[in-house]
Amino acid sequence: DAMVIQNPRYQVTQFGKPVTLSCSQTLNHNVMYWYQQKSSQAPKLLFHYYDKDFNNEADTPDNFQSRRPNTSFCFLDIRSPGLGDAAMYLCATSRDREDGYTFGSGTRLTVV
Amino acid sequence: QKEVEQNSGPLSVPEGAIASLNCTYSDRGSQSFFWYRQYSGKSPELIMSIYSNGDKEDGRFTAQLNKASQYVSLLIRDSQPSDSATYLCAVTPSYNFNKFYFGSGTKLNVKP
């Protein structure tokens, strides 16, 4: 089945130690998104790629970076995780605005 | 001002009743509106999309849109305990139709 896959489901990292979360898709969607969701809060858009064009949200901290080497893969790099970065990180894809998003299962990040 | 606002709830309804969930948005030029369901610890899943004023029905779900009032709602008929979840409203901003902003969600409890 075509889908959006996030790895790992759970990630524990040390304070200040760089960590990378990955997302892959078999839907051939041209837009990929990274959202951060903390408990009982709205998913917060960090950035998105429209094809290879990177779009950063104005309030996304510099600590968060992203890479999209090809259509299928997208990575979220957190250069120096702090305790406040503990959250669920959601990857989503869309073909165009008419379709809505398809979400991956998310990666829950714990910072110790 | 938040782009998308929802009552956090919880909204409690008895099994078999109609659940009514509401969402308001601030960007008058928004064109696309979505409702997602999110179970605890899981990623959001798309329930409904709506783009034109009026009602759109899909099974037990009806989405209602009123652009003049900047208001979108979701009705769930014959509510079931399995409908207990958080319902997120998502709206595209007028300046970029390739991304969505989410409300913080309304928690729905359906009592058997």
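The values are calculated or read from the model by the stated rules, or taken from the named source; none is laboratory data. These figures come from a predicted structure and were not determined experimentally. Cβ sites come from the backbone with ideal geometry, for glycine too, and all protein chains shown count toward neighbours. Surface areas here come from the heavy atoms of the whole protein model, side chains and all, with no ligands, DNA or RNA. Shrake-Rupley method; radii C 1.70, N 1.55, O 1.52, S 1.80 Å.
The table that follows gives values for the structure above.
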quantity: Failed item, numbered, when residue A:10 is tested on (1) buried (at least 20 other Cβ atoms within 10 Å of the Cβ); (2) in contact with a Lys or Arg (Cβ under 9 Å, 6 or more places away or on another chain); (3) in contact (Cβ under 8 Å) with a residue 60 or more places away in the chain; calculated: (1)
quantity: Which listed residue is closer than 30 Å to residue A:107 by Cβ, more than 8 Å from chain A (Cβ to nearest Cβ) and outside any strand (DSSP E or B), from B:52, B:82; calculated: B:82
quantity: Residues of segment B:102-112 classified as out of contact with any helix residue (DSSP H, G or I) (no Cβ under 7 Å at 6 or more places or on another chain), of a type outside the set (Lys, Arg) and surrounded by fewer than 21 Cβ atoms within 10 Å (Cβ to Cβ), total; calculated: 2
quantity: Residues located in segment B:1-47, provided they are touching an Asp or Glu at 6+ places or on another chain (Cβ under 9 Å), within 26 Å of residue A:87 (Cα to Cα) and part of a loop (DSSP other than H, G, I, E, B); calculated: B:3, B:39
quantity: Residue satisfying condition, being under 19 Å from residue B:107 (Cβ atoms), assigned to a strand (DSSP E or B) and either among the acidic types (Asp, Glu) or more than 14 Å from chain A (Cβ to nearest Cβ) (or both), within set B:65, B:75; calculated: B:75
quantity: Residue that is away from chain A (no Cβ under 14 Å) and open to solvent by less than 60 Å² (accessible area, probe 1.4 Å), where the choices are B:91, B:4, B:13; calculated: B:13
quantity: Pair list, Cβ under 7 Å, 6 or more apart: segment A:13-35 residue farther than 24 Å from residue A:110 by Cα and among the hydrophobic types (A, V, I, L, M, F, W, C), other residue assigned to a loop (DSSP other than H, G, I, E, B) and open to solvent by 10 Å² or more (accessible area, probe 1.4 Å); calculated: A:27/A:2; A:31/B:98
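One line per residue, one yes/no per condition, for (1) away from chain B (no Cβ under 11 Å); (2) charged (D, E, K, R); (3) farther than 21 Å from residue B:3 by Cα; (4) not in a loop (DSSP other than H, G, I, E, B):
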residue: A:42; (1), (2), (3), (4): no, no, no, no
residue: A:49; (1), (2), (3), (4): no, no, yes, yes
residue: A:58; (1), (2), (3), (4): yes, no, no, no
residue: A:61; (1), (2), (3), (4): yes, no, no, no
residue: A:71; (1), (2), (3), (4): yes, no, yes, no
residue: A:77; (1), (2), (3), (4): yes, yes, yes, yes
residue: A:80; (1), (2), (3), (4): yes, no, yes, no
residue: A:90; (1), (2), (3), (4): no, no, no, yes
residue: A:109; (1), (2), (3), (4): yes, no, yes, yes
